[in-house]
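Undergrad: Take this structure, written in C-alpha cells, and hold onto it; I'll ask about it next.
The values are calculated or read from the model by the stated rules, or taken from the named source; none is laboratory data. The model shown is predicted, which means the values in this text are computed figures rather than measured ones. So basically every Cβ, Gly included, is an ideal-geometry build from the backbone, and we count neighbours across all protein chains shown.
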Amino acid sequence: MGLGIPPPEAPAPASGDEVAAWVGLSRLPGVGPRTIAGWVGRAGSAWAVWQHLPAFIQKRADAAEILAAWRKVDPAAILEGARSLGLTVLAACDPGFPALLRAIPDPPPVLYVRGSLDEAASVAVVGSRRATPYGLAAAERLAFDLAQEGVTIVSGLARGIDSAAHKAALDGGGRTVAVLGCGADVTYPPEHRRLALAVAARGALVSEFPPGTPPLPGHFPRRNRLISGLALGVVVIEGAGDSGALVTVDYALDQGREVFAVPGSIFSARSAAPHSLLRQGACMVENAGDILTELGLGSSVRSGPGGPCGVPVPAGGAEGAARLLALLEGGPLRLDELAEQASLSAAAVGALVTMLEMRGLIRTLPGQMVMRSPAGRGSGG
Amino acid sequence: MLAAVLSATIVGLEALPVSVEVDAGPGLPTFAIVGLPDPAVQEARERVRSAIRNSHYEIPPRRTIVNLAPGDRRKEGPALDLPIALAVLVATGQLAQQAVAGHLAVGELGLDGSVRSVPGVLAVAQAARALHARALLVPEANAREAAAGEEVPVYAIPTLRAAVQHLQGTHPIRATEGTVLEPPSEDAAPDDLAEVRGQGAARRALEIAGAGGHNLLLIGPPGVGKTMLARRLPTILPRLSGAEAVEVTKIYSVAGLLPAWQGLITRRPFRAPHHAASAPAIVGGGPGVRPGEITLAHHGVLFLDELPEFRHDVLEGLRQPMEDGVVVVARIHGTVRFPARFSLVAAMNPCPCGYRGDHRRDCTCTPGRLQQYLARLSGPLLDRIDLHVEVPRPLTDEMLSGEPGEPSSAVRARVTAARMRATTRAAVCQAEGLLLRGPQRWGPVSAEALAFMRVAADRLVLAARATERVLRVARTIADLEGTEAVAVQHLAEALRYRVLDRWAPPVP
C-alpha cells in the first residue's frame with residue numbers, strides 16, 4: 001500500500017492538527033473505532049491517515065462512499081463548533097483521554113465532553129428506565145454512599161435508575177458522569193435538563209457523537225460500551241430480560257470489568273436482569289461496601305442494611321417517632337400497618353410521618369408505602 | 001258561565017300559582033286551551049273530556065275555552081288536568097264555584113277519572129301557603145309529601161269523582177296528617193362505615209372531609225373500595241335539619257325522583273353520575289329546566305368516579321356552583337336558580353393502568369402516559385379539592401380477618417361536634433367584627449405551627465394555594481380534636497392529604 005500524493009480537493013485539517021484528524025476519521029461512514037486504531041497504529045498519526053486516506057481504503061468495497069464523506073467532512077468546522085458550545089474535545093491521542101477507556105478494545109476516536117473528566121475511581125450504575133420504587137431507592141442508596149466514599153458514579157442520564165443514581169451522587173457530594181446517546185449539547189430525555197446541568201457542573205456529560213446529534217435508538221447500545229468502559233465495574237439494578245443494562249454488562253465483560261447485581265423482588269418482572277446475572281456469578285450487592293471491597297477500594301462504609309440514625313426527632317412526638325423509625329428498620333410498611341403496629345391513630349401517624357419526611361429520615365411512595373430514606377441523609381428540618 | 005280554580009306549575013324548583021279559568025258559552029262546540037300550554041298541557045283536553053265522562057259527569061256541547069293565567073309563563077306537565085276538570089265542571093254548572101273557592105288543586109287525570117301523581121307537590125304546598133289557600137287537593141300518592149311541610153290542610157284525592165264529592169261535602173275526605181320528621185332507625189341505615197375494614201388513612205380523610213365540608217379526592221387502584229368509602233360519607237355527616245330535609249325533598253319531587261307515598265327525605269343524598277354524563281345532566285338545564293346532579297346532591301354528596309374521564313366542559317361547569325352553592329341556568333323565559341351545596345368526592349386510579357403503588361401487580365405506565373393522565377385533571381377544579389388521599393389495596397388478611405371499623409354513628413358525633421365549634425368560632429369572629437387576613441383567617445395558629453408551615457412549603461415545594469388548603473384542613477383537624485389553636489401536628493397531618501402536590505410533574 002503506497003502512500004500517494006493527496007488529491008488537491010482533499011479537505012486539509014490545519015497542518016499537524018491531530019485532534020482535527022481524529023474528528024475527521026470518526027465521521028467516516030462504516031469505519032469503526034478498531035479500524036481507525038489499526039490505521040493510526042500503522043501510519044503513526046491520525047493526521048497521516050487523514051492526509052492519505054484513499055490509500056488506506058482502496059481495497060474496500062465501500063471506498064467510494066468513504067471518499068465522498070472524506071471530501072465533505074470539515075473536521076476543523078466540527079471542532080470549532082464543539083468548542084464554541086463550550087465542549088472539550090478529547091481525541092484518543094490526548095493525554096486527558098480517560099486511561100480506562102483507552103484500554104478497551106474499541107475506544108472512541110473522539111470524546112465530546114461538557115464539564116471535566118478525572119481519573120478518580122468510577123463505578124457505573126445502570127438499570128431499568130421504568131424502575132420500581134425499590135429499585136430507585138437501591139440506586140439512590142448505593143450511588144449516595146459510593147459518592148460519599150469519593151467514587152465517581154457513571155450512568156446514562158436515562159429515566160429511572162440512571163437519573164436516580166446521578167441525583168443521589170450529587171446529593172452525596174460526589175462526582176458523576178453521564179454518557180449520552182446524543183450530542184453532548186442535546187438533552188435527552190428533555191425533563192432531565194436541570195439534572196444534566198448539575199452533572200456537567202459536578203462531573204461531565206460525555207458523548208462520542210458530535211454536537212447536535214439527535215438521540216437515535218441505534219446510538220444507545222454503542223454508548224453503553226462507554227458507560228462500562230469509563231468504570232471499574234457495572235452495578236445492575238432492575239431490568240427486564242431484554243434490558244439495555246444487559247448490553248452494558250456484555251461490554252463490561254468484554255472490557256474485563258467487574259459486574260455487580262442488586263437482587264430484586266421475585267414478584268417483579270424487572271428483577272429478571274439482575275437475577276440472571278446473579279445466577280451467572282455476578283457479585284451480589286447489598287450495600288456500597290460490597291462494591292468497594294470487591295474493587296479493592298477499601299471501605300469505611302458500614303455493611304448490612306440500614307441507614308444512619310441519631311437525627312433530631314419531632315418535638316412533642318419523640319417517643320412515637322422513634323417507634324415508627326424502629327418499625328421501618330424492618331423494611332417499608334403501609335401507613336395503615338404502621339399505625340397498627342405502633343398502636344397509634346391514623347391521625348397521629350399521619351402527622352409523625354410528615355415530620356420525619358421533612359427531616360429526610362423517611363420517604364413515602366405511591367400506595368401509601370413508607371420507608372426509611374435510602375441515603376439516610378438526615379439533617380436540618 | 002265563567003269558572004276559576006287555583007293551581008300551580010313548576011318553574012325551576014318553585015311553584016308558580018296558576019289560575020285556571022274556564023268559560024263555557026254558546027257557539028260551535030269546541031274545547032280549547034290557551035295561555036302558553038306545553039304539549040303535555042295541550043293534551044289535557046283529551047284526558048279531561050274522557051275523565052269527566054267516565055266519572056259520570058257531562059260535557060255539554062258548548063264553546064269551552066280554558067285559559068291558564070298568567071298568560072306569559074309557560075305551563076308544563078299534566079298537573080293541571082285536575083283543576084281544568086274541576087273548572088269545567090263549575091263552568092257547566094255541575095259544581096258550585098263556592099265549593100272550589102280557596103282550594104288549590106294539582107293532579108294528572110287518567111281516562112277513567114283516576115288522579116295520578118305529579119312532581120313538585122311539596123313546592124306546590126309552599127305556594128299554597130303563600131297564597132293563603134284554604135286547602136290543597138293532591139293525588140293520593142303525593143299526599144304524604146305535600147303534608148310533610150305542614151303548610152296547609154292536604155286532601156288526598158283518588159279520583160275526580162271523589163274530588164267533586166269532597167268539595168260538595170257529600171263524601172268528605174279526611175285531611176292527611178302532617179308527618180313530622182321521622183328519624184330513620186339506626187339499623188335501617190343502608191351503608192355504615194363499620195363495613196369498611198382497614199383503610200385507616202382513608203377513613204380519617206373521610207372524617208375530616210365531613211367535619212370541614214372539604215372536597216375529597218380518593219386515589220387508588222380499581223376495586224379497593226373508593227366507591228364504598230364515598231357512599232358512606234353521607235352517613236357521617238350531621239343529620240339533615242327539618243328545613244334541609246324539606247329542601248331536599250322538594251328537589252327530588254320536582255325532578256320526579258321522589259317515590260310515591262314518600263314523605264320527607266331524611267337521609268343526605270348521594271349522587272354518582274357516570275363519567276359520560278352531559279353538562280346539562282350534571283349542572284342542570286335542558287328542555288324543561290330540570291335540576292342536574294349537583295342540585296340532586298344538595299346537602300349531600302356528589303361522587304365523581306373516574307374523575308379524569310369526565311368531559312372537560314362538565315368539570316369546568318362545576319366550578320361556579322362549588323363556589324356559590326347555587327347554579328343559575330339561563331333560559332329564554334328567564335333564569336332559574338337551583339341550590340347546589342354539596343360535598344364533592346372524586347375518585348381516580350393512580351395511573352392509566354391502575355396499578356401504580358399496588359403491591360400485587362407492576363404498573364406498566366410510562367412516565368409520559370402518567371403525566372398525560374394527571375394533566376387531564378382540571379387545574380381549577382383540583383384547586384377546590386382540599387384533600388387528596390391514596391386508598392391502597394388492602395392486604396388480604398386485613399379484608400378477611402380485620403376488625404369491623406368504627407360505626408358511622410360514632411364518627412358522626414365527632415363530625416357534628418367539630419362543625420359546631422367551627423360555626424361558633426365563625427359567629428364570634430363576625431360578632432367581634434374581625435376581618436382577619438393571612439393564615440389566621442380560619443382561627444388562631446400557634447407561632448410554632450406558622451414556622452413549621454414555612455419550612456414545609458419550602459421542603460415540599462407547595463404552591464401558595466396549596467398552602468392555604470393545608471391551613472384550612474389543619475383548622476378542621478384542630479376542630480375535630482377540640483383544640484383552639486392550630487398546632488404543628490395538625491399541619492403535619494394535613495400535609496399528608498396533598499398527594500397530588502407531591503406527584504406534580506418535575507419542571508423541565
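Undergrad: If you check every pair at least six apart or on different chains, which have Cβ atoms under 8 Å apart with a residue in the range A:32-58 that is over 17 Å from A:R71 (Cα atoms) first and a residue that is buried (at least 18 other Cβ atoms within 10 Å of the Cβ) and β-branched (V, I, T) second?
TA: Sorted first by the residue in the range A:32-58, then by its partner, the pairs are A:I36/A:V49; A:W39/A:V49; A:V40/A:V49; A:A43/A:V49.
Undergrad: Right, here's the next one. Within the bounds of the range A:97-115, is there any residue that is in a helix (DSSP H, G or I), within 15 Å of the chain's Cα centre (by Cα) and within 15 Å of A:G239 (Cα to Cα)?
TA: The answer is no, given that none of the residues of the range A:97-115 is in a helix (DSSP H, G or I), within 15 Å of the chain's Cα centre (by Cα) and within 15 Å of A:G239 (Cα to Cα).
Undergrad: Can you name the residue in the range B:255-290 that is charged (D, E, K, R) and assigned to a strand (DSSP E or B) and is also surrounded by the most Cβ atoms within 10 Å (Cβ to Cβ) among such residues?
TA: The extreme case among them is B:R290.
Undergrad: Looking at the range A:282-381, what helices (runs of 4 or more DSSP H) fall wholly within it and have at least 2 residues that are surrounded by fewer than 19 Cβ atoms within 10 Å (Cβ to Cβ), at pLDDT 75 or above and within 14 Å of another protein chain (Cβ to nearest Cβ)?
TA: A:335-342
Undergrad: Would you point out the residue of the range B:21-58, among those that are among the charged types (D, E, K, R) and part of a loop (DSSP other than H, G, I, E, B), that is nearest to B:Q97 (Cα to Cα)?
TA: The extreme case among them is B:E58.
Undergrad: Follow-up. Please list, ordered by residue number, the helices (runs of 4 or more DSSP H) wholly in the range A:12-95 having 2 or more residues that are within 31 Å of the chain's Cα centre (by Cα).
TA: A:18-26, A:33-43, A:75-84
Undergrad: Of all the residues that make up the range B:368-402, how many are in a loop (DSSP other than H, G, I, E, B), away from every other protein chain (no Cβ under 12 Å) and modelled with pLDDT of 80 or more?
TA: 6
Undergrad: Also, quick follow-up: For the range B:462-493, which residues satisfy the criterion of being under 16 Å from A:T354 (Cα atoms), of a type in the set (G, A, S) and at pLDDT 85 or above?
TA: Within the range B:462-493, B:A474, B:A487, B:A492 meet the criteria.
Undergrad: Within the range B:171-184, is even one residue surrounded by 20 or more Cβ atoms within 10 Å (Cβ to Cβ) and touching a residue at least 24 places away in the same chain (Cβ under 8 Å)?
TA: yes
Undergrad: Only one of A:A138, A:A178 is surrounded by 20 or more Cβ atoms within 10 Å (Cβ to Cβ) and part of a strand (DSSP E or B). Can you tell me which?
TA: A:A178
Undergrad: Here are some conditions: (1) part of a helix (DSSP H, G or I); (2) touching an Asp or Glu at 6+ places or on another chain (Cβ under 8 Å); (3) assigned by TED's automatic domain parsing to the domain that holds A:D290. A:D162 meets all but one. Which one does it not meet?
TA: (2)
Undergrad: Does the range A:60-67 contain any residue that is surrounded by 16 or more Cβ atoms within 10 Å (Cβ to Cβ) and within 23 Å of A:C182 (Cα to Cα)?
TA: Yes, because at least one residue in the range A:60-67 is surrounded by 16 or more Cβ atoms within 10 Å (Cβ to Cβ) and within 23 Å of A:C182 (Cα to Cα).
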